Amino acid sequence: MELVQCDSALLYVVLSALFTGLVIHKLIRNKVKIENAAVSCLLSLLLLEIICCSVLCGCLGLTLFIVACALYYISIPVRRMMTTQDKAVLITGCDSGLGHALAKYLDELGVLVYAGVLDKKGRGAEELRRVCSTRLSLIQLDVTNPGQIKNAYNEVRNHVQDAGLWGIVNNAGVLGYMADGELLPISVYKQCMDVNFIGVVQVTKMFMPLLRKAKGRLVTISSMAGHTPISGFAAYAASKAALSMFSAVMRQDLFKWGVKVSAIHPSGFKTNIFGSREHWSSQDQNILDNIMPEVKEDYGVEYLASLKDLHYTMSTFTSPDLSPVLEDVCHALLAREPYYSYTPGRCAYLIPCLFRYFPLWVYDIFAKQTFQIHRNILPRSLQISESNNKID
């Protein structure tokens, strides 16, 4: 009896090793990232193997395990890409940063790019004219300006005509300023919502008839902060959370039209979204000038003045290599079976998992060590309270 159990266990080990090898080969060959490999299913398969080996009888357990492994292997996505021929894509926010890099990247691949910019005579627009092919068209497009959105739609519609628009990449976004949520001016909350959410909705609604005609792709650049709380990002994260939910609902609404929707949730990348050091200094002064006296007293001038140093600190924590985001956007636009969610960048998938699936106190400890990057300075009132406790 023991010999039979030993042989059965050995057979499961051999099958597991063979299955693991095949899965790893397919994942590498198709460049499937961990978040798209259904890790939870792998853990379920491990549990099933233990049950089949120890509880179920020989043939039944073995058959069940083999079928489960086969179904998982079949479910692993295969990387099949479409050609760029006659694919027209609108990108917002191409003056600088990610949108600027994406316009160049897709243009090199042969995509017909409509690059939306705030200033067609600006430095970023001039560079796109200089380095990109004649396929690329610059479009004057402020996503908060309904008149410009309408004019951009008419211009693109006249170009694409009956072919429609293959893709929209809602990239334009602002961060505003980082500070405790109580300290952020209402103007920062409004700006983030206007650009990061309302602007995306306005552009999407206007261009949707062209996208439905092509049965194309709607791609939205959200953020890891859109589904993971990060101290100091109250305005930005709230707007990105709204954007992520908008994208999720649009995926359901547009399914019947044959339009596929993807959301990109990057971690920290070095783009112009942080603005200039001068901008942060002016926002810092704006906070000092507008907060209530009692709030200023509680936080203290030293704490408030230290906020402007976050501009430099954030820059040191971000990656200058934008290629993970560019590759994911390209996959969302051109893969025959795009993913709904992409998480390019360091820990962009693991940190949200920590927040969702672990006890909240675990994430809070992790976040305090990782995201409390603004000094180890406490607000003035808390410093006094801490000092009094030590004396007592």
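Just a few scattered comments:
- Selection status of residue 298, modelled with pLDDT of 80 or more, touching a Lys or Arg at 6+ places or on another chain (Cβ under 7 Å), open to solvent by 30 Å² or more (accessible area, probe 1.4 Å) and assigned to a helix (DSSP H, G or I): yes
- Answer residue from segment 139-178, given it is over 23 Å from residue 122 (Cα atoms) and among the charged types (D, E, K, R) and is surrounded by the most Cβ atoms within 10 Å (Cβ to Cβ) among those: 157
- Test: residue in segment 78-90 that is open to solvent by less than 70 Å² (accessible area, probe 1.4 Å), within 20 Å of the chain's Cα centre (by Cα) and either at pLDDT 75 or above or of a type in the set (Gly, Ala, Ser) (or both): yes
- Meets criteria (touching a residue at least 60 places away in the same chain (Cβ under 8 Å) and outside any helix (DSSP H, G or I)) for residue 89: yes
- Looking across segment 270-295, the residues that are modelled with pLDDT under 80 and in a loop (DSSP other than H, G, I, E, B) come down to 270, 271, 275, 276.
- Taking each residue of segment 144-165 that is under 26 Å from residue 84 (Cβ atoms) and looking for partners that are open to solvent by 70 Å² or more (accessible area, probe 1.4 Å) and in a helix (DSSP H, G or I) with beta-carbon atoms closer than 8 Å, six or more apart or interchain, yields 162/213; 163/213; 164/212; 164/213; 165/213.
The rows are residues; the columns are (1) under 31 Å from the mean Cα position of the chain (by Cα); (2) in a helix (DSSP H, G or I); (3) at pLDDT below 80.
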{"residue": "309", "(1), (2), (3)": "yes, yes, yes"}
{"residue": "312", "(1), (2), (3)": "yes, yes, yes"}
{"residue": "321", "(1), (2), (3)": "yes, no, no"}
{"residue": "331", "(1), (2), (3)": "yes, yes, no"}
{"residue": "354", "(1), (2), (3)": "yes, yes, no"}
{"residue": "366", "(1), (2), (3)": "yes, yes, no"}
{"residue": "373", "(1), (2), (3)": "yes, no, yes"}
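- Identity of the residue in segment 67-77, within 28 Å of residue 8 (Cα to Cα) and in contact with a helix residue (DSSP H, G or I) (Cβ under 7 Å, 6 or more places away or on another chain), that ends up most open to solvent (accessible area, probe 1.4 Å): 73
The values are calculated or read from the model by the stated rules, or taken from the named source; none is laboratory data. Being a predicted model, the structure only gives us computed values, none of them experimental. Here the Cβ is made from the backbone with ideal geometry for all residues, glycine too, and neighbour counts use every protein chain on show. Ligands, DNA and RNA are stripped out before the accessible areas are found, and what is left, the full protein with its side chains, is counted by its heavy atoms. Shrake-Rupley method; radii C 1.70, N 1.55, O 1.52, S 1.80 Å.
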